[in-house]
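The values are calculated or read from the model by the stated rules, or taken from the named source; none is laboratory data. Owing to the predicted nature of the structure, the values given are computational and were not obtained by experimental measurement. Here the Cβ positions follow ideal geometry from the backbone for every residue, glycine too, while neighbour counts run over all protein chains shown. Quick note on the areas: whole protein, heavy atoms, side chains included, nothing else; ligands and nucleic acids left out. Shrake-Rupley method; radii C 1.70, N 1.55, O 1.52, S 1.80 Å.
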Amino acid sequence: MSEYFPADDRCQLTERLIELIEQINHAMHCTPSDGWDGLDLTFQQMRVLAYLIEGQQRMGNIASYMGCIMSSATSIIDRLVDKDLVLRSVDPDDRRAVICGLTDTGRQTMEQFWSIGRGKITQLAEQLETSELKEVVRAAILMNQAARQVFPVD
């Protein structure tokens, strides 16, 4: 590999990792007509759909997850309801609360979203020799383990 990276300087290694991840992300997501645009969703709407893929959530949880006030979360949900991606209903455990979940169309949209991403990763993997792909998978396992320690999922 002819690309320079410092051998032992953690700060420089971290900066190089950031640069590389940003470049990969840019290459994967900033190409014209790559399928993302056909979803007709904002980044915030996609975040909510990705959150709801795990199951129904109360509106307050959605606002907390998004880091916004309740009215902003409600506005995002309203747009997703209008697109028939999210269903809003009364929480059977607390009739004062609203819960939201994906509709079948919402689930299909998320599957399309993940499918586009999987396709792009497959294209990247096809550019690597098997030995190189093994190195990348090993590194991804380490990054995944670190991510789960730093950002634990409930």
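Across the range 32-154, the relative contact order, built from alpha-carbon pairs under 8 Å that are at least six residues apart, equals 23 percent. Set against the labelled values (i) 9, 29, 30, 21, 10, 2, 0; (ii) 10, 32, 31, 21, 5, 0; (iii) 11, 40, 38, 10, 0, P(r) over Cα pairs in 10 Å bins from 0, in percent computed from this structure falls on (i). Nonpolar atom fraction for the chain, defined as the carbon and sulfur part of the 1.4 Å probe accessible area, stands at 55 percent. Averaged per residue, the chain has 74 square angstrom of accessible surface, using a 1.4 angstrom probe with ligands and nucleic acids left out. A straight line joining the Cα centroids of the range 44-91 and the range 109-151 runs 27 Å. Applying 1/(1 + (r/R0)^6) with R0 = 22 Å to the Cβ-Cβ distance of Arg118 and Glu19, what FRET efficiency is obtained, to the nearest 0.05? Efficiency for this residue pair is about 0.35.
Karplus-derived 3J(HN,Hα) values for the range 86-93, using 6.51 cos²θ - 1.76 cosθ + 1.60 with θ = phi - 60°, are 10, 10, 10, 8, 7, 5, x, 7 Hz; glycine and proline are entered as x. For Thr130 and Thr42, a Förster radius of 35 Å and the Cβ-Cβ distance give a FRET efficiency of 0.35, rounded to the nearest 0.05.
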